[in-house]
Amino acid sequence: KAIIPIAICTWNFMNATAKAWEVLDKGGSALDAVEQGVMVEEADLSNETVGNGGRPDRDGNVTLDACIMDKDGNCGAVLCMENIEHPISVARKVMEDTPHVMLAGKGAEQFAYEKGFPKVNLLTEKAKKDWLAWKETSKYETIINIENHDTIGMLAIDKNGDIAGACTTSGMGYKMAGRVGDSPIIGAGLFVDNEVGAATATGVGEEVVRTVGSFLIVELMRQGKSPQEACEEGVKRIMAKNKGRKDFQIGFIAINKKGETGGYCVHPGFSYRSYSEEGHFDKKPESFYQ
Ligand code: SD4
């Protein structure tokens, strides 16, 4: 059933969707809803995959990726940025206050300070301890997401029927220094087309980038597929390029103009959260492998 307004996000980030709903219910814009929604997870120290408290790269530095996109197709992103708790808000400033779409590394950080964002040490004692333990064996391989929290990608439709999306992450744990995943790449980790719908991704970003996954899903919806069918096709495209490979997880979620939603993933374990007048749900989509 189509319900507007609505907010959905990857994984079971119930506090984030609750925040987004609060904004939407008051008549706020989808853009404000997704920004304020994902900020909840960026600030949550217990979440080791987004924002403050995120796992560092293999050199011990926490580097954050985020992007945001509005109803008019405007977008902004920060890549591999350190010391700033809310990369999504910096991405929004890139979108609104600069002629650019992406700022990376030191440039992004400097821009954030100029905009008044405080410098924050993002490496918690726990994340540091885990990283030091990891360094003892230093395996560098992709692992299937078993934990139930990860990159947050959020999509929302406001009372005007306008769509926006946001995606924010500390990226793959113990990644190479300088590594950027799909999450801050418009079209890969997130895409919004206000005429059609929006999609966002979580999981091993390299595979999402290779298929420009979120853009693909929005285009499939434009061709008439439901959000569910489009997400399934997106995952199938990735699996066609990785025949027989089972060592990675990817989850996509999508929403169309009517507020219909869908999700699909490579392995069981992925879920997405949905909040509308119908209620607050944890949805467990089907997966490519059982
Ligand atoms: C990335 N997609 O950096 C993000 C992180 C993630 O499971 O979702 N990891 O590739």
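The values are calculated or read from the model by the stated rules, or taken from the named source; none is laboratory data. Note that this is a predicted model, so its numbers are computed, not measured. Ideal geometry is used to build each Cβ from the backbone, glycine not excepted, and the neighbour counts take in all protein chains shown.
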Does residue 29 satisfy the condition of being polar (S, T, N, Q) and modelled with pLDDT under 95? no
Does residue 222 satisfy the criteria of being among the basic types (Lys, Arg), within 14 Å of the ligand (Cβ to nearest atom) and either in contact (Cβ under 8 Å) with a residue 24 or more places away in the chain or at negative phi (or both)? no
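Give the residue, chosen from 103, 122, 79, that is within 16 Å of the ligand (Cβ to nearest atom), surrounded by 13 or more Cβ atoms within 10 Å (Cβ to Cβ) and within 19 Å of residue 35 (Cα to Cα).
Working: 103 fails: within 16 Å of the ligand (Cβ to nearest atom); 122 fails: within 19 Å of residue 35 (Cα to Cα).
Result: 79 is the single residue among 103, 122, 79 that is within 16 Å of the ligand (Cβ to nearest atom), surrounded by 13 or more Cβ atoms within 10 Å (Cβ to Cβ) and within 19 Å of residue 35 (Cα to Cα).
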I want to confirm something. Restricting to the range 231-256 and keeping residues that are outside any helix (DSSP H, G or I) and aliphatic (A, V, I, L, M), which single residue is nearest to residue 202 (Cα to Cα)? 250
How many of the residues making up the range 31-77 are among the β-branched types (Val, Ile, Thr) and either farther than 21 Å from residue 187 by Cβ or part of a loop (DSSP other than H, G, I, E, B) (or both)? 5
Looking at 165, 197, can you tell me which residue is out of contact with any Phe, Trp or Tyr (no Cβ under 6 Å at 6 or more places or on another chain), within 16 Å of the ligand (Cβ to nearest atom) and at pLDDT 95 or above? 165
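When you go through 269, 279, 234 one by one, which is the residue that is modelled with pLDDT under 95 and touching a strand residue (DSSP E or B) at 6+ places or on another chain (Cβ under 9 Å)? Steps first, please.
On the way: 279 fails: touching a strand residue (DSSP E or B) at 6+ places or on another chain (Cβ under 9 Å); 234 fails: modelled with pLDDT under 95.
After applying the criteria, what remains is 269.
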Residue satisfying condition, being on the phi > 0 side of the Ramachandran plot, crowded, with 24+ Cβ neighbours inside 10 Å and not aliphatic (A, V, I, L, M), within set 60, 37, 51: 51
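If we scan the range 190-205, do we find a residue that is over 14 Å from the mean Cα position of the chain (by Cα), assigned to a helix (DSSP H, G or I) and surrounded by fewer than 18 Cβ atoms within 10 Å (Cβ to Cβ)? Steps first, please.
Taking the range 190-205 and keeping what is over 14 Å from the mean Cα position of the chain (by Cα), we get 193-197.
Narrowing further to those that are assigned to a helix (DSSP H, G or I): none.
Looking for residues that are over 14 Å from the mean Cα position of the chain (by Cα), assigned to a helix (DSSP H, G or I) and surrounded by fewer than 18 Cβ atoms within 10 Å (Cβ to Cβ), one finds none in the range 190-205, hence no.
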Can you give me the ranges of the helices (runs of 4 or more DSSP H) entirely in the range 78-189 with at least 1 residues that are within 25 Å of residue 234 (Cβ to Cβ)? 87-97
Check the range 179-186 and report whether any residue there is of a type in the set (Val, Ile, Thr) and either within 12 Å of the ligand (Cβ to nearest atom) or in contact with a Pro (Cβ under 8 Å, 6 or more places away or on another chain) (or both). yes
